[in-house]
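Bear in mind these aren't lab numbers, they're just calculated from the coordinates by the rules spelled out. From a predicted model like this one, the values you see are computed outputs, not experimental measurements. Reconstructed Cβ throughout: ideal geometry from the backbone, glycine too, with neighbour counts over all protein chains shown.
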Amino acid sequence: MKLSLRRSRKKPSIYQTRQASNRKLKNAWQSLCCLFVISLPSINLANHDHFTSITVTPAYPTKEPILPLPAIPQLDPGKIALGKKLFFDVRLSASKKLSCASCHDLSSNGADYQVHSRGHDNTPLAVNTPSIFNAALNPWQFWDGRARSLEEQINQVIENPREMANSWPVIIRRLNDDPVYRRKFEKLYADGISARNIRNAITIFERTLLTPDSRFDRWLRGDKQALNAEEKKGYRLFKDYGCTACHQGVNVGGNLFQKVGIFADYFLYRDEIHLADYGRFNVTGRERDRYVFRVPSLRNVAVTAPYFHDGSVNTLDEALRLVARYQLGRTINRNDIQSIIIFLKTLTGKYKGQWLTQAHAP
Ligand code: HEC
Ligand code: HEC
């Protein structure tokens, strides 16, 4: 899995930089053009396996590039409870040591604060764990978007030898040995315990893992007192710097792909490049998708450090300096960084009425 390539540390000549910069500007414009298509304020999240789908459409006209989170969907309470039980069940992993919640901790930020979570055999995974909160609203799952639905995502994590290293027949046998599961599945699904029904219950639970009520969403919905002057200034700067070209829509990101390092080579000073750093190239095999990633959601970003696909960035301060340089091709002064961070903090939402927190800073 670990493909390591030595990279030259030589800096490109000014001529090369200029040429690259023209190309990058062209790419950036091309991406901006697709934004008009992608950022239509209605995202249909149909999935292959089953019938549940959520359409996110604001009930009122909005001029802002960011939409408030929808209400938590009213889904079958029995299936939500069953999905939650499965989400916390270590029998889903081969070793019986890991549940989904081991890496996606619901009591805090929906992830685990680690640079790389440890999977089967305690080995660190290739990329940083994203928060499970609001993930159901992303049209693609994973940093490289290789799963088009939550159902597909579950298949991959269950069977991945470095994550849960399990198989459906083993899981079905284990659950069938448990009379509580047998009874619950028989009550809710005509055909009882099956891989499809397990996936269905987990994804129904995941669709309820939204974090509404952030102060920014209250402001978007018309509560003008929800943000103070400093926070509104931060939001203005966020738009003025062009952050919303990539971080927009209902998840303030998550809905389009972008190269990491549009204006400068993010990987230039890295000693090693790993397979996971190739991003979407690993999915499509197209050269232009090398180093392309799904733009991460900025919901709850103040409590979900460490940052970036490689988990290499510890603070928002550093993250902003880096994105300004690599994604926008400009420097950003300290005051503006602080103002934007003040705005980003207003994107923290609530789960079951409690504010999300970062209990154990990395
Ligand atoms: C050992 C840690 C670990 C376990 C256990 C785990 N995950 Fe994850 N999860 C990750 C990592 C790491 C990623 C990102 C992988 C990638 O992008 O390539 C991820 C990504 C996801 C995503 C995509 C989120 C997004 O925004 O792209 C979802 C959804 C998810 N996991 C749900 C689950 C469910 C459901 C389970 C249990 C069946 C589970 N995970 C078990 C570590 C884990
Ligand atoms: C051209 C697209 C683009 C623009 C413009 C952009 N970003 Fe990003 N942003 C990304 C991508 C892609 C990543 C993921 C980088 C990685 O994983 O290596 C990212 C990562 C981040 C992260 C880390 C999130 C996390 O969970 O890891 C923050 C914070 C962030 N951006 C904020 C901003 C701010 C603030 C601005 C404006 C100053 C901005 N971005 C402009 C594409 C963009």
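Amide H to amide H distances under 5 Å link Ile66 with Gly249, where only residues 5 or more positions off or on other chains count and H is placed in the peptide plane.
Segment Arg183..Arg286, full-extension length gain: 32.3 nm, with 0.36 nm per residue of separation and the alpha-carbon distance subtracted. Of Lys224/Lys259; Lys84/Lys232; Lys63/Lys224, which sit over 26 Å apart, Cα to Cα? Those over the limit are Lys224/Lys259; Lys84/Lys232. Largest first, the three principal axis extents of the alpha carbons in segment 188-297 are 55, 46, 22 Å in whole numbers.
As a proxy for reagent exposure, Phe263, Phe88 were ordered by neighbouring Cβ count within 10 angstrom, fewest first; the result is Phe88, Phe263. Computed over segment 77-206, the alpha-carbon pair-distance distribution with 5 angstrom bins reads 2, 11, 20, 26, 21, 13, 6, 2, 0, each value a whole percent.
For segment 118-181, give the magnitude of the charge dipole about the Cα centre (Cβ charges: +1 Lys/Arg, -1 Asp/Glu; no others), in debye to the nearest 20.
It comes to approximately 100 debye.
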